[in-house]
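S.K.: If you scroll down you'll find the structure; I have some questions about it.
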Amino acid sequence: MEALASFKKELSSPKKIFITTHVKPDADALGSSLGLANYLIRKGHEVSVVTPSDYPSFLAWMKGNESVLDFSKPEEKPLATLRLEQADIIFCLDFSVLDRVNELGEMIRKSNAFVVNIDHHQDPEDFADFRYWSTKAAATCELVYQLIVELGDKDLIDKDIAECLYAGIMTDTGGFRHPNTTKNVHLVVAELIEIGADSSQIANLIYDSNSVNRLKFIGFAITRRLIVREDLHTAYFVISKKDLKKYQSQTGDTEGLVNYALSLDGIKLAALFSEREDGIKISFRSSSDVAVNKFAASYFNGGGHKNAAGGKSALSLKDTVDRFESLVEKCQEELFHSETISAG
């Protein structure tokens, strides 16, 4: 309570505020950033939202999207840098370690601004002056809502803010299907709907906004790039740079693909391997009793949540997949018969 009171005092007069989130922002990352930004603007602050990279076009409907600066774009980087240098307060949302924002991370570390971290991931790095953090939260948007309420400003949450926050909670719970869909999640989204969030429209904008190329890509991936190892309770997609180029893949086009693998009967562990310019990006999903975040952290320089995590590999696509299969075979007992996995 003392820390919250001190933080509230930081916001008591107009400040220059810088908000950022992790690379390749999803709905929770961008929703929490813009939801918070719109709230702070209503409080009278000067707010800049900067992302380390681009993000899916199906998130562009969020209020304030047109003002977001993409630090990876040469034409926007100078202004984004200036906003960071001028900031009185820096908000870091939906990530727990500074390397999740690439070059921005070291700049934040060196800044003299008051740094705030709002997040729900495990093992946070100690870089913030004020941390509003809980692994029990399903989404960072859930925490942003709770923080605004605790600051006594629930009345400032309007329809636009509510819809940004609703989007993040909806997607990080898998459309309210994942085990992290708690009683509190339902209570929060009920409040957001009462404020004005259009749940049906948000779901349509995020889940039902596909290009022809993306639908063709999904069909191709399921029929040609899905590997099923029933003996290992595992299924995974292997997507090459050539595949992505063939279907003119855009940021966000692989979003949700890994869930098709997890939906198969008998499958407890699913993965998506995507070959990118900077290495192999890996998305992991698992059934409720499999701690895939520990597997990702132990073997693929990653982490995340128990049933949804990410990783990366500097090996070739084939070598990464071969290593993955070998590790799953090796770790059968730890993966599928207990909730813990030994580091290796």
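The values are calculated or read from the model by the stated rules, or taken from the named source; none is laboratory data. Remember, it's a predicted structure, so these values are computed and weren't measured experimentally. Heads up, the Cβs are rebuilt from the backbone with ideal geometry, glycines too, and the neighbour counts pull from every protein chain shown. Surface accessibility is based on the protein's heavy atoms, side chains included, excluding ligands, DNA and RNA. Shrake-Rupley method; radii C 1.70, N 1.55, O 1.52, S 1.80 Å.
S.K.: Mind jotting down a quarter of the surface of the convex hull over the alpha carbons of the chain, in square nanometres, one decimal?
M.R.: Hull-based average projected area comes out at 17.1 nm².
S.K.: Could you state how much accessible area E194 has, in square angstrom rounded to the nearest 10, with a 1.4 Å probe and all protein chains kept in place?
M.R.: Ignoring ligands and nucleic acids, E194 comes out at about 150 Å².
S.K.: Given a Förster radius of 45 Å and the C-beta distance between S57 and R229 as r, what FRET efficiency does 1/(1 + (r/R0)^6) yield to the nearest 0.05?
M.R.: The pair S57/R229 has a calculated efficiency of 0.85.
S.K.: Right, here's the next one. Using a Förster distance of 25 angstrom, determine the FRET efficiency expected from the C-beta separation of N259 and E329, and round it to 0.05.
M.R.: The computed FRET efficiency comes out at 0.60.
S.K.: Also, quick follow-up: What percent of all Cα-Cα pairs in region 212-337 falls in each 10 Å bin, counting up from 0?
M.R.: Histogramming region 212-337 at 10 Å steps yields 13, 49, 32, 6, 0 percent.
S.K.: Also: If amide hydrogens are placed 1.01 Å from N in the peptide plane, which non-local residues have theirs closer than 5 Å to the one on V97?
M.R.: Correct list: E125.
S.K.: For the chain, what does the helix formula give at 222 nm: sum of -39500 (n - 2.57) over DSSP H segments with n ≥ 4, over the residue count, nearest 500 deg cm²/dmol?
M.R.: Rounded to the nearest 500, it is -12500 deg cm²/dmol.
S.K.: Taking Cα centroids, how far is region 247-315 from region 1-74 in Å?
M.R.: First find each Cα centre; the distance between them is then 27 Å.
S.K.: Here are some pairs, K24/K246; K136/K159; K216/K294; K294/K330; K245/K318; K9/K136; which of them have Cα atoms lying more than 23 Å apart in this structure?
M.R.: Pairs exceeding the cut-off: K136/K159; K216/K294; K9/K136.
S.K.: A further question follows. In region 189-344, what percentage of the DSSP-assigned beta bridges are antiparallel, given to the nearest 5?
M.R.: 75 percent
S.K.: What size of dipole, in debye to the nearest 20, comes out for region 212-337 about its Cα centre when the only charges are +1 on Lys and Arg C-beta atoms and -1 on Asp and Glu C-beta atoms?
M.R.: Here region 212-337 has a charge dipole of around 540 debye.
S.K.: Give a residue-ordered list of calculated ³J(HN,Hα) values for region 283-292 (Karplus: 6.51 cos²θ - 1.76 cosθ + 1.60, θ = phi - 60°; whole Hz; x for Gly, Pro).
M.R.: 3J(HN,Hα) across region 283-292, in whole Hz: 10, 10, 9, 8, 6, 4, 9, 10, 8, 6.
S.K.: May I have the extent of the alpha carbons of region 82-239 along their three principal axes, as whole Å values ordered from largest to smallest?
M.R.: 51, 40, 32
S.K.: Taking every eigenvalue of the Cα gyration tensor of region 39-88, multiplying by 5 and rooting it, what semi-axes result, largest first, whole Å?
M.R.: Ellipsoid half-lengths, sorted descending, are 18, 17, 6 Å.
S.K.: Tabulate in residue order the Karplus-calculated ³J(HN,Hα) for region 152-167, using 6.51 cos²θ - 1.76 cosθ + 1.60 with θ = phi - 60°, rounded to whole Hz; enter x for Gly and Pro.
M.R.: x, 10, 4, 5, 8, 6, 9, 4, 5, 5, 4, 6, 4, 5, 4, 4
S.K.: When the Cα atoms of region 158-272 are enclosed in a convex hull and the volume is divided per residue, what value in Å³ results?
M.R.: So the per-residue Cα hull volume is 110 Å³.
S.K.: Quick check: Cα centre of region 201-239 to Cα centre of region 100-114, how many Å?
M.R.: 35 Å
S.K.: Run the numbers on region 212-337 and let me know its relative contact order in percent, using alpha-carbon pairs under 8 Å that are six or more apart. The partial results should precede the final answer.
M.R.: Working: 221 pairs, mean separation 24.0, N = 126.
It comes to 19 percent, rounded to a whole number.
S.K.: From the phi angles alone, apply the Karplus equation (6.51, -1.76, 1.60; θ = phi - 60°) to region 184-189 and give each ³J(HN,Hα) in whole Hz, x where the residue is Gly or Pro.
M.R.: Computed from phi, the couplings for region 184-189 are 5, 4, 5, 5, 5, 5 Hz.
S.K.: What's the ranking of 47-60, 178-191 by average number of surrounding C-beta atoms within 10 Å, highest first?
M.R.: 47-60, 178-191
S.K.: Still on this structure: Please figure out what share of the DSSP beta bridges in region 216-281 is antiparallel and state it in percent, rounded to the nearest 5.
M.R.: 55 percent
S.K.: Additional query: Would you kindly state how much longer the chain becomes between T251 and N213 on full extension, computed as 0.36 nm times their sequence separation minus their alpha carbon distance, in nm to one decimal?
M.R.: 12.4 nm
S.K.: Could you sort the peptides 280-290, 221-231 by per-residue average Cβ neighbour count (10 Å cutoff), highest mean leading?
M.R.: Going by the mean number of other Cβ atoms within 10 Å, highest first, we get 280-290, 221-231.
S.K.: How far, in nm, would the chain grow between V149 and R177 when pulled straight, counting 0.36 nm per residue and subtracting the alpha carbon separation?
M.R.: Working: separation 28, 0.36 × 28 = 10.08 nm, distance 2.56 nm.
Stretched out fully, the V149 to R177 stretch lengthens by 7.5 nm.
S.K.: Between K318 and E106, what is 0.36 nm times their sequence separation minus the Cα-Cα distance? Round to one decimal in nm.
M.R.: Result: 73.0 nm gained on full extension.
S.K.: Residues with amide H under 5 Å of Y132's amide H, sequence separation 5 or more or different chain, H placed in the peptide plane at 1.01 Å from N; which?
M.R.: N117, I118, D119
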